[in-house]
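The values are calculated or read from the model by the stated rules, or taken from the named source; none is laboratory data. What you see is a predicted model, and the numbers here were worked out from it, not measured in a lab. Cβ sites come from the backbone with ideal geometry, for glycine too, and all protein chains shown count toward neighbours.
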Amino acid sequence: MNKKTSPTTLPVLSLLLVLLLLTLSIVIPSAAAILPRNEFHVMCVDETIRNNRRGGFEPHILAGPSYDNTGEWYYYDSPSGLVTGGVGPRIPGNLWISKDNGNTWQFYDKSTIPGLGASGDSFTAITRDGTIFYTDLYLATASVDTSLDGGRTWYANPVASQYVMEDRQWLDIGPSRDGIGDETLYFAFNQLTPPQLVMVKAGITTGTVVDSYSWRPCNGGAPIATDVSARDVFCIDEESGNIYIANYAEIGEVLEVFVSTNGGNTFTHYTVTNGQRPEIQNIFVAIDTDAAGNVYLAWSSRDHIWLGVSTDHARSWTIHQVTQTKSVKVFPWVSAGDEGRVGLGWYESEIGDEGSPDEQTESWWDLKAAITLNALNETPNFEIITVDEDVHFGGVQTTGTGGGSDRDLGDFMTVDVDSHGRLLVSYGEDGDDGPNSRMAYPMYACQIDGPFLRENKGPEIDYELGKSDRKVHLELDDVHDQENLTIINITIDWGDGSPWESLDEELSLTHKYPDRDARYNLTIQATNEMGMRTTAVVQVNIDEDEGWEIAGMPGWVVVGTPLLILLTVGAVYLCGKRREKQNR
């Protein structure tokens with residue numbers, strides 16, 4: 001007689017098979033990464049004392065093309081000061097260039113260029129072919145000098161502004177909007193008598209020098225604004241060529257932006273704060289655009305840093321409070337990368353509950369930065385980083401010239417974003433050297449850890465994590481760089497005090513943790529040849545009464561469920577045997 005399976009046994013076996021498959025799907029390893037804190041590489045650009053001024057006064061940094069097509073260079077400028085030290089050679093502004101992504105810097109001497117004086121203010125702009133334009137301020141007028149060979153030789157234009165008695169000049173370059181030249185160089189400054197903002201422009205082509213006859217007036221030759229209390233920082237959208245000028249009018253305390261969509265021929269102004277009166281601590285309001293054409297403003301209200309965001313070419317604005325901890329904050333600057341990705345930098349003192357920044361005479365100041373990848377969201381997330389501690393001691397004057405407090409840091413510091421999406425910072429560091437010594441070092445900081453301010457940059461880490469009792473098995477499925485740069489280092493920190501492990505070709509590791517009922521942060525880092533680092537932090541929990549655990553699943557789920565299945569299978573099997581015996 002043939003044996004038959006009991007009709008009752010078939011549904012039970014089917015149910016057991018489903019439970020077994022469900023159990024197998026539960027134990028697939030998975031882990032959640034925690035967003036890491038960002039880090040910066042910090043260095044002094046030049047520790048040599050040059051003309052009794054170290055160059056950390058109002059430093060400006062810019063990432064741009066090289067003239068010889070060897071890649072991206074970093075340009076760092078700062079004024080040398082209006083006082084030349086008596087009879088002697090001209091002392092123009094400082095210029096350093098890094099040709100290796102900020103690892104080393106070289107000083108370029110501009111003192112052989114004919115000119116009218118020293119440098120009260122400075123600023124640089126770089127064309128697509130690497131031509132350098134450098135402006136110096138003599139107060140009586142301003143220059144715009146040109147270098148076609150990466151700063152080695154210069155062509156002088158000592159009276160570029162063609163105006164007298166002026167202050168705080170800026171340069172920027174955008175696409176040609178009127179068919180004159182390949183690009184357009186814009187030059188803006190504040191005329192002192194009468195007070196007004198003036199802008200001129202010059203068409204530029206590869207291999208040509210801008211001389212005094214190259215300039216054409218913007219805005220029909222009329223001043224763009226007559227209230228210049230905010231010193232009118234401007235930027236140009238590299239794609240559309242739109243010009244955006246930030247201004248904080250002292251009369252009425254109105255924060256506004258002047259916009260030109262036709263190459264500076266005409267300007268329209270829009271109010272940023274919709275009739276509200278923001279408290280502006282500093283004389284500069286920084287402005288920039290991202291790759292999608294969105295516009296960003298940054299300013300300080302003493303206690304906090306603020307970011308204005310416009311997605312409609314400065315017509316309307318959303319205001320975000322960047323910082324949450326109350327402290328004294330000065331000189332914010334902003335730079336944007338890809339859409340919604342924004343970086344800021346500023347000086348901050350942790351003490352000083354009362355009084356203006358110049359009254360914080362017993363304060364130490366740190367350099368701070370903020371990074372957001374979703375500035376266009378209703379509530380952006382800002383990661384705040386302490387980049388460098390104790391860069392300055394004492395008060396900080398924020399009202400420009402004419403005050404009596406410490407002005408060693410000048411009136412601003414700057415940030416920029418390079419082609420790899422790293423936030424670059426230029427700032428001064430003078431420590432506790434006494435007020436108004438003007439001996440601040442030129443400092444440079446570069447973002448190391450991702451995520452970066454341009455998309456698809458830096459290393460990527462794909463991993464799986466499994467756990468059995470106190471043993472953790474880490475499997476690195478794929479580690480690669482998104483720009484196809486070489487991954488030079490992969491390191492693991494298990495988070496229990498054991499030494500970091502550096503991986504070469506082995507991408508599979510097992511580690512036993514020392515304690516039960518403990519929580520560890522496992523850190524995985526991958527670094528590419530440019531020093532850009534991606535860090536993933538995984539929380540690993542070791543339970544006190546733990547048996548088996550995979551990917552955070554409790555031991556009773558992983559062990560108890562299969563045991564229950566075995567007992568059930570045994571019971572069903574015995575039941576089937578009994579029924580067989582009864583049927584015989």
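Across region 509-520, not a single residue is classified as within 18 Å of ARG533 (Cα to Cα) and either of a type in the set (Asp, Glu) or in a strand (DSSP E or B) (or both). On the basis of being assigned to a strand (DSSP E or B), touching a His at 6+ places or on another chain (Cβ under 8 Å) and either farther than 30 Å from ASN101 by Cβ or modelled with pLDDT of 85 or more (or both), does THR535 make the cut? No; evaluated as a whole, the condition is false for this residue. What is the one condition in (1) of a type in the set (D, E, K, R); (2) under 26 Å from GLN447 (Cα atoms); (3) surrounded by 12 or more Cβ atoms within 10 Å (Cβ to Cβ); (4) at pLDDT below 90 that ASP504 does not satisfy? So ASP504 meets the others, but not (3). Evaluation of THR135 against the conditions (1) under 12 Å from PRO158 (Cα atoms); (2) under 24 Å from the mean Cα position of the chain (by Cα) shows that the sole unmet condition is (2). Where strands (runs of 3 or more DSSP E) fall entirely within region 142-201, those with at least 1 residues that are among the aromatic types (Phe, Trp, Tyr) and over 24 Å from ASN69 (Cα atoms) are at 166-175, 183-191.
Of all residue pairs spaced 6 or more apart or on separate chains, those with beta-carbon atoms under 9 Å, a first member in region 486-499 that is among the small types (Gly, Ala, Ser) and a second member that is part of a loop (DSSP other than H, G, I, E, B) are GLY495/TYR513; GLY497/PRO514; SER498/PRO514. Scan region 167-186 and tell me whether some residue there is under 23 Å from ASP416 (Cα atoms), of a type in the set (Phe, Trp, Tyr) and in contact with a Lys or Arg (Cβ under 7 Å, 6 or more places away or on another chain). Checking region 167-186: at least one residue is under 23 Å from ASP416 (Cα atoms), of a type in the set (Phe, Trp, Tyr) and in contact with a Lys or Arg (Cβ under 7 Å, 6 or more places away or on another chain). If you filter region 395-453 down to residues that are modelled with pLDDT of 95 or more and among the polar types (S, T, N, Q), you find that the one that is farthest from GLY71 (Cα to Cα) is THR414. Within region 339-362, being more than 11 Å from ALA375 (Cβ to Cβ) and buried (at least 16 other Cβ atoms within 10 Å of the Cβ) holds for GLY345, TRP346, TYR347, GLU348, SER349, GLY352, SER356, PRO357, ASP358, GLN360. Selection of strands (runs of 3 or more DSSP E) fully inside region 229-277 by the criterion of at least 1 residues being at pLDDT below 95 and surrounded by 15 or more Cβ atoms within 10 Å (Cβ to Cβ) returns 243-249, 254-260, 268-271.
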